[in-house]
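Report on the structure given below.
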């Protein structure tokens, strides 16, 4: 007999990408359920640079992109420390052998604390798609052959925002969804330049546009910038593409791009309210972090139409909340990491917002990678390359282990697939397993 949880896994993964991707894979930067969690078991509770290391692979340069794993292969975006090249790499998931690498673009653009290889790739288990801060969007098959390529910056103008374009593509129903949320006059662009913000649906088979939907807002200056990624949400028979940024949370119809609803989370306008985190969903609720994590966390009821009022707010959390780290949903709880103050991690009941526990991860460096979870464990990693494993659940703040990965800086989140952890450090890709 198939359990309800297993049925949900099959439905979500099938909706996301296709039959070749399994629940044990990590096809999107937030995993198979788009919430940072995995159903994998027997995951390591501790490791070192030698203990529980399955394999290690050298990387050609730094990037904040999360490794993507599906159908036995690991895909990763990278810069090249010796050139301006933007690279796509493929490794065998079992052995760590590099299978291929491709130059898909180039950029000499410098932005603070970021680089053009920050967006994570996405895969359906047969094809893989890469997006870069240079505007290069490329589809490849599993052997590394380029199927199509285009440059969105050449088509639609400068996409670079203050800290560099960082939104990862979403893949659903053979369509790629790309968010370009930028200032009307983009950072470092001529003041006379007028640019639009939009979400783009691209045919994953051909690379051609299906629709382009404007994303209107009255946000000001830097508040127009969003580094967030689109997230798929299905509830009560309706499928939505969720976006947060530029003072609004919105939902679009994946078929035609029509905006279904919007909620203004920043009624008091600021010139510095850019958003980095992505939305998270659970059951009938949609979770979002306001600009810079300044006002905690809000939970919206689903099923809305048009402009939503505060009547659609199920609950709010006014405690420490993220500037960068996207919240995690796992087994009935929402985990919120404020990485600016020594890593304050809070566990909230997803239905009510009630705080269950809170604690500090410690360390002097910020925590910019989002928390991931599996096998009743939480996995965090700091910019200073300190990994922390905690017990998930209602009990209490409980650190199981600390591991110094040494190779810093790190901004990429830890990926989980096939009973293993995939950890990207500054120069190396680690596969960790019991």
Exercise for the section: Please sort 382-395, 325-338 by packing, taking for each peptide the average over its residues of neighbouring beta carbons within 10 angstrom, highest first. Expected result: 325-338, 382-395
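Mind checking the full-extension length gain between residue 305 and residue 82? Use 0.36 nm per residue of separation minus the Cα-Cα distance, one decimal, nm.
Length difference between fully extended and current span is 75.2 nm.
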Fill in the blank from the handout: Check: C-alpha center the range 148-184 vs C-alpha center the range 308-330, spacing in Å is 25
Exercise for the section: Kindly identify the range 130-244 as rounded, prolate or oblate by the Cα gyration tensor criterion: order the square roots of the eigenvalues as a ≥ b ≥ c, call it rounded if a/c is under 1.5, otherwise compare a/b with b/c, prolate if a/b is larger, else oblate. Expected result: oblate
Handout entry: residue 235 versus residue 364: modelled label distance in nm, points set 7 Å from Cα along the beta carbon direction
Key = 4.3
Exercise for the section: Only helical DSSP H runs with n ≥ 4 go in: add -39500 (n - 2.57) per run for the chain, normalise by residue count and round the 222 nm mean residue ellipticity to 500 deg cm²/dmol. Expected result: -1000 deg cm²/dmol
Handout entry: Potential lengthening between residue 406 and residue 316 on full extension [0.36 nm per residue; Cα-Cα distance subtracted]
Key = 28.7 nm
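Which whole number in µm²/s is D for the range 14-106 by Stokes-Einstein, with the Kirkwood Rh taken over Cα pairs at 37 °C and 0.692 mPa s? Intermediate values should be presented prior to the final figure.
Details: Rh = 14.8 Å.
Reported coefficient: 222 µm²/s.
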Handout entry: Options [x] 19.8, 63; [y] 21.6, 79; [z] 25.6, 84 - which one matches Rg and Dmax of the Cα atoms in Å as calculated here
Key = [x]
Practice task
Compare 235, 62, 28 in a GNM of the chain, Cα atoms joined below 10 Å, and give the one with the largest fluctuation.
Solution key: 235
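None of the figures in this text is laboratory data; all of them are computed from the coordinates on show. Computed from a predicted structure; not experimentally measured. We place every Cβ from the backbone using ideal geometry, glycine too, and count neighbours over all the protein chains shown.
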